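These notes concern the structure reproduced below.
Since every read-out is calculated from the coordinates, none of them should be taken as a lab result. A quick note: this is a predicted structure, and the numbers were derived from the prediction, not measured. Every residue, glycine among them, receives a Cβ derived from its backbone with ideal geometry; neighbour counts consider all protein chains shown.
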């Protein structure tokens with residue numbers, strides 16, 4: 001199972017981290033793997049205060065390699081502007097390290113919605129199952145700062161995922 005640590009300071013201030021925990025039969029922790037800016041094979045460019053791990057969702061085995069993959073929120077990511085937010089799909093190895101990743105933001109991953117400053121995409125994530133019947137898990141992604149319908153009313157984006165982690 002996985003735990004987010006959005007305030008983790010590996011590589012810089014509040015860049016965030018994710019811990020993949022391997023459990024014993026009695027639910028105690030047998031081993032763990034940290035995924036951050038400096039560990040776990042995660043090669044994305046993470047900036048100070050991006051807050052990787054602000055939310056997490058088990059997305060099943062998106063890439064078909066038999067290993068569970070994760071969606072990870074980075075609410076303060078600023079790809080397209082200040083604190084627009086982002087989601088990373090982490091394709092994992094059996095030991096919990098990152099084999100590869102795909103970023104979903106307003107500049108990457110085929111996400112076509114327009115985000116604004118302080119939308120905080122990735123504040124929440126949930127696995128919706130396979131809504132469109134293509135065999136790939138789909139995601140609901142919260143953006144609690146979205147102001148399209150009024151100041152900070154928030155929004156939920158339903159992402160119909162592809163096997164490469166893009167939308």
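Would you look at the GNM of the chain, springs on alpha carbons closer than 10 Å, and say which of 22, 111, 120 moves the most? Looking only at 22, 111, 120, the largest GNM fluctuation is found for 22. Expressed per residue, the C-alpha convex hull volume of the range 107-167 stands at 80 Å³.
With neighbour counts taken as other beta-carbon atoms within 10 Å, the residues 37, 27 rank, fewest first, as 27, 37. Using a cutoff of 8 angstrom between alpha carbon atoms and counting only pairs six or more residues apart, the relative contact order for the chain works out to 16 percent. A full extension of the chain between residue 24 and residue 93 corresponds to an added length of 22.9 nm, given 0.36 nm per residue minus the alpha carbon distance. Its convex hull of Cα atoms gives the range 64-167 a direction-averaged projected area, equal to a quarter of the hull surface, of 6.3 nm². Summed over all non-identical Cα pairs, the Kirkwood treatment of the range 1-151 gives a radius of 15.6 Å. For 158, 20, the sequence from fewest to most other C-beta atoms within 10 Å is 158, 20.
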